[in-house]
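Single-structure report; data block below.
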Amino acid sequence: MGAIPTLVLFTSEHSHYSITKAAGVLGIGTENTVLVKSDERGKMIPSDLEVKIIEAKAKGYVPFYVNATAGTTVFGAFDPINEIADVCEKYKLWLHVDAAWGGGLLMSDKHSYKLRGIERACSVTWNPHKLMGVPLQCSAFLVREKGLLQACNQLHAEYLFQPDKPYDVSYDTGDKTIQCGRHVDVFKFWLMWKAKGTLGFERQVNKCMELAEYLYSKLRKKSESFELVMPFEPEHSNVCFWYIPPSIRGIPKGPERNRRLHQVAPKIKARMMEEGTVMVGYQPYKDKVNFFRMVFSNPATRMSDVDFLIEEIERLGKNI
């Protein structure tokens, strides 16, 4: 690795931590992962990507890879893939799309436009075990160039990968990946697809999105008790919000209010776990104090369940 030039990769500040982790594992270095600015919705800003590419080249570094996220973990944002692809083509960089969370929207005619441009990617990650509901684990890594994975990974182990088997050996995946033995995880997805059909998956995705839109609209109507982290309609099924207990409502926005608000979500979550009624995650993010992040991925959830969630948060948090 010391003989090659300093490689740098680019990803948005809202991207999954695994991108930086992979840079460390591969020996590229976590410090050579360049974070690109995002807009107010959490989408990568293509103009800032180009600025950072030019800056890296000026320092003598070698840009080689850009990661665009289709469905960020926290806010469910979709990076503008077409605009990012234009930058990658201009500077001859590999474009990867992390659609682990948002890839399922391709099943929906109503929502698939949010991944417009994904066909221009060099590679794509997709996790059907997330929005599609396939049992853990089921992850797909897709590359545009046919034969590339085999060319990069094959070692011709004759005791495993004989070329004269009585079937098409191109289906042997063992010599195409770093890992050898593995479960046939895609079989679970294939079975579900056969059972549900594409239309069934579309209904499932649309239902999860409808639930997110319903929660968003309910929270907007209860502005005294709840505050949305982002004042935009959700792009994915992520809805992020604060519960504002009565004891905080009269405090002006500032450090004291933030200090007290930061303690609200953990306390409510602890009470949820003690009573066993509902379960929803929380987290801080940059300058934002702890907030709830409700993510819908189970189409069996009903709107009455969403109503109950809101009521339960109010009940458990009213005395905080």
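The values are calculated or read from the model by the stated rules, or taken from the named source; none is laboratory data. Note that the coordinates shown come from a computational prediction; the quantities given were computed from them, not determined experimentally. As a convention, Cβ positions derive from the backbone with ideal geometry for all residues, glycine included, and neighbour counts pool all protein chains shown. What goes into the accessible areas is simple: the full protein's heavy atoms, side chains included, and nothing from ligands, DNA or RNA. Shrake-Rupley method; radii C 1.70, N 1.55, O 1.52, S 1.80 Å.
Here are a few things to note about the model shown:
- Remark: VAL62 matches the filter, which requires a residue to be farther than 30 Å from GLY200 by Cβ, among the hydrophobic types (A, V, I, L, M, F, W, C) and over 20 Å from the mean Cα position of the chain (by Cα).
- Test: SER123 is open to solvent by less than 30 Å² (accessible area, probe 1.4 Å) and over 22 Å from LEU199 (Cβ atoms): yes
- Selection count, the range 57-74, where residues are open to solvent by 10 Å² or more (accessible area, probe 1.4 Å) and either of a type in the set (A, V, I, L, M) or closer than 14 Å to SER15 by Cβ (or both): 5
- So ALA77, is it within 25 Å of ILE118 (Cα to Cα), touching a helix residue (DSSP H, G or I) at 6+ places or on another chain (Cβ under 7 Å) and either small (Gly, Ala, Ser) or open to solvent by less than 40 Å² (accessible area, probe 1.4 Å) (or both): no
- Filter pass, SER237 being open to solvent by less than 50 Å² (accessible area, probe 1.4 Å), touching a Cys at 6+ places or on another chain (Cβ under 9 Å), touching a residue at least 24 places away in the same chain (Cβ under 8 Å) and among the polar types (S, T, N, Q): yes
- Members of the range 80-106 that are among the hydrophobic types (A, V, I, L, M, F, W, C), open to solvent by 20 Å² or more (accessible area, probe 1.4 Å) and touching a residue at least 40 places away in the same chain (Cβ under 8 Å): TRP101
- Residue pairs whose Cβ atoms lie under 6 Å apart, sitting 6 or more positions apart in sequence or on different chains, and linking a residue in the range 157-183 that is closer than 27 Å to ALA22 by Cβ to a partner that is small (Gly, Ala, Ser) and surrounded by 10 or more Cβ atoms within 10 Å (Cβ to Cβ), are CYS180/GLY174.
- Per-region count, the range 15-52, residues over 23 Å from TYR91 (Cα atoms) and among the hydrophobic types (A, V, I, L, M, F, W, C): 1
- Summed over the range 206-219, residues that are more than 13 Å from ASN238 (Cα to Cα) and open to solvent by less than 10 Å² (accessible area, probe 1.4 Å) total 1.
- Look at (1) over 28 Å from LYS37 (Cβ atoms); (2) surrounded by 12 or more Cβ atoms within 10 Å (Cβ to Cβ) and you find that MET230 fails only one, number (1).
- Look at the range 50-67: where a residue is free of Cβ contacts under 8 Å to residues at least 60 places away in the same chain and a partner is open to solvent by less than 40 Å² (accessible area, probe 1.4 Å) and of a type in the set (Asp, Glu), sitting 6+ places away or on another chain with Cβ atoms under 7 Å, you get ASN67/ASP98.
- Of all residues in the range 222-233, those that are without any contact (Cβ under 8 Å) to a residue 40 or more places away in the chain have Cβ atoms under 6 Å from Cβ atoms of residues that are assigned to a loop (DSSP other than H, G, I, E, B), 6 or more apart or on another chain, in GLU227/ILE244.
- Here the condition is being over 28 Å from PRO231 (Cβ atoms), open to solvent by less than 20 Å² (accessible area, probe 1.4 Å) and either part of a strand (DSSP E or B) or not charged (D, E, K, R) (or both); of LEU9, LEU49, it holds for LEU9 alone.
- The number of residues in the range 266-317 that are aromatic (Phe, Trp, Tyr), surrounded by fewer than 18 Cβ atoms within 10 Å (Cβ to Cβ) and in contact (Cβ under 8 Å) with a residue 60 or more places away in the chain comes to 1.
- Restricting the range 14-46 to residues that are in contact (Cβ under 8 Å) with a residue 40 or more places away in the chain, open to solvent by less than 50 Å² (accessible area, probe 1.4 Å) and part of a loop (DSSP other than H, G, I, E, B), the residue that is farthest from LEU228 (Cα to Cα): SER15
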